[in-house]
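The values are calculated or read from the model by the stated rules, or taken from the named source; none is laboratory data. What you see is a predicted model, and the numbers here were worked out from it, not measured in a lab. With ideal geometry, Cβ positions are generated from the backbone for all residues, glycine too; neighbour counts draw on all protein chains shown. Calculation scope for accessible area: heavy atoms of the full protein, side chains included, ligands and nucleic acids excluded. Shrake-Rupley method; radii C 1.70, N 1.55, O 1.52, S 1.80 Å.
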Amino acid sequence: MSENLDLIRKIFSSWEQGDFSEADWADPEIEYVMHGGLGSESVTGLAGMAESWASMLQAWEHLRAVPEEIREIDEERVLVLLKNEGRGKGSGIDIGGISVRSANIFTVRDGKVTRLVLYWDRGQALAELGLTESG
């Protein structure tokens with residue numbers, strides 16, 4: 001198993017429990033991109049990523065990111081197919097019940113994540129990578 005896969009599995013061990021508080025895995029100049037969900041945005045740096053995460057987390061109760069598959073794409077990129085679980089604070093909608101199947105693409109250099117792209121629509125991530133769900 002590669003060091004990049006180890007790093008991503010470590011990140012998700014916290015995220016599965018709803019703990020998004022650590023960012024020691026992120027490069028100080030990380031590029032953080034979100035496609036879909038409550039909005040799309042792109043920010044650079046730990047402060048920008050933290051602000052974006054905080055904004056997103058405010059909309060949910062008990063948000064968890066549960067990986068279904070972690071796949072190494074190349075020497076730097078790792079694809080995570082996941083489902084999000086939680087309940088909308090305003091709507092009360094349980095997103096686990098509506099099968100939100102999303103994806104994250106992590107770019108790792110020198111043991112730190114330098115780019116993180118979150119896709120609420122898994123199909124969009126797979127299409128951009130030229131992949132299908134089965135490989």
Under 12 Å, Cβ to Cβ, from Arg101 - net charge with Lys/Arg +1 and Asp/Glu -1: -3
If a/c stays under 1.5 just call it rounded; otherwise compare a/b with b/c (prolate if a/b is bigger, oblate if not). Do that for segment 1-43, with a ≥ b ≥ c from the square roots of the Cα gyration tensor eigenvalues. prolate
Work through the residues other than Arg71 whose Cβ is under 11 Å from its Cβ and net out their charges, Lys, Arg +1 and Asp, Glu -1. -4
With all protein chains present, calculate the accessible area of Val78 using a 1.4 Å probe and round the result to the nearest 10 Å². 0
Rounded to the nearest 10 Å², the accessible area of Ile70 using a 1.4 Å probe with every protein chain kept is 40
